[in-house]
Amino acid sequence: MNVEIGASILSADFAHLAEDMLRIEKAGIDFFHIDIMDGRFVPNITIGPDVLKDIRRITSLVLDVHLMIEDPFNWTDRFIAAGADKLTLHIETIEASVLRRRAARLKAKGIKLGVSLNPDTPLRRIESVLDVVDFVLVMSVNPGFGGQKFIIGVLPKVKALRRVFSGDIAIDGGIDNITAKKVVKAGANVLASGSYIFKSPCPEEAIRRLRYTAGNRKCMRGGCRIA
Ligand code: DX5
Ligand code: ZN
């Protein structure tokens, strides 16, 4: 299965956001992962739809918008209008039955719809929506901050999910060249990585390593070397 690599802009330099994003886009990612936090569902605040709209102007890459907010349905239309290509809602913030009911209307607006679950949230919480979402985003850290340590205990959840779900399985939190290998082996095929890519002295090499360890061996060539 081809593995997609996205960069989470949470680890970007927000004082020079456009410049920093274009630097990483050039290094060879497949999409940008945009973390939206409200200070309620998670203990941090990031950006809203107006900033997303400006980000949309500077890149044509897929914008994968990860909503870590309470009452996400109050915001979905605004993030779609601002340019989101993919939208992920956390199952801890919604009723599964409401997501089921609203999924078709959201997807009709042209986005890919995802559901996410925190490391401690069991798979059964999302079972009833698996047939209405395009992808599942498995959190491998407790959401709120970049640069946290990967929680290895989520691997069985990824494996169990892959047995029952044939759509994209994305993983988010603590992804580097070591953890990428483990999650892809477990069944994930979309990797969102923040600090490993943005803070690398050579993002081209970091992305190449992610692709290589994820099984796309032909990408291990040339470029600079990082320790
Ligand atoms: C965490 C965010 C992640 C985060 C990943 O709440 O949802 O997207 O930016 O960053 P790293 O890869 O540094 O763990
Ligand atoms: Zn995220």
Exercise for the section: Rank I45, I169, I34 by mean-square fluctuation in a GNM of the chain with C-alpha springs under 10 angstrom and give only the top-ranked residue. Expected result: I45
Completion exercise
Mean-square fluctuation maximum in Gaussian network of the chain, Cα pairs under 10 Å, restricted to N177, N74, N189, hits N74
Practice task
Using a 1.4 Å probe over the heavy atoms of the protein chains, calculate the carbon and sulfur portion of the accessible area of the chain as a whole percent.
Solution key: 51
Practice task
Using the structure shown, select from K86/K181; K86/K182; K112/K157; K53/K182; K53/K159; K53/K181 the pairs with a Cα to Cα distance greater than 32 angstrom.
Solution key: K53/K182; K53/K159; K53/K181
Completion exercise
With +1 at each Lys and Arg Cβ and -1 at each Asp and Glu Cβ, the charge dipole magnitude of the chain around its Cα centre, to the nearest 20 debye, comes out at 940
Problem - Kirkwood hydrodynamic radius over Cα pairs of the chain, then Stokes diffusion coefficient at 25 °C and 0.890 mPa s, in µm²/s - result: 140
Problem - For the chain, calculated [θ]222 nm from helices alone, where every DSSP H run of n ≥ 4 adds -39500 (n - 2.57) - result: -9500 deg cm²/dmol
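The values are calculated or read from the model by the stated rules, or taken from the named source; none is laboratory data. From a predicted model like this one, the values you see are computed outputs, not experimental measurements. Ideal geometry is used to build each Cβ from the backbone, glycine not excepted, and the neighbour counts take in all protein chains shown. Calculation scope for accessible area: heavy atoms of the full protein, side chains included, ligands and nucleic acids excluded. Shrake-Rupley method; radii C 1.70, N 1.55, O 1.52, S 1.80 Å.
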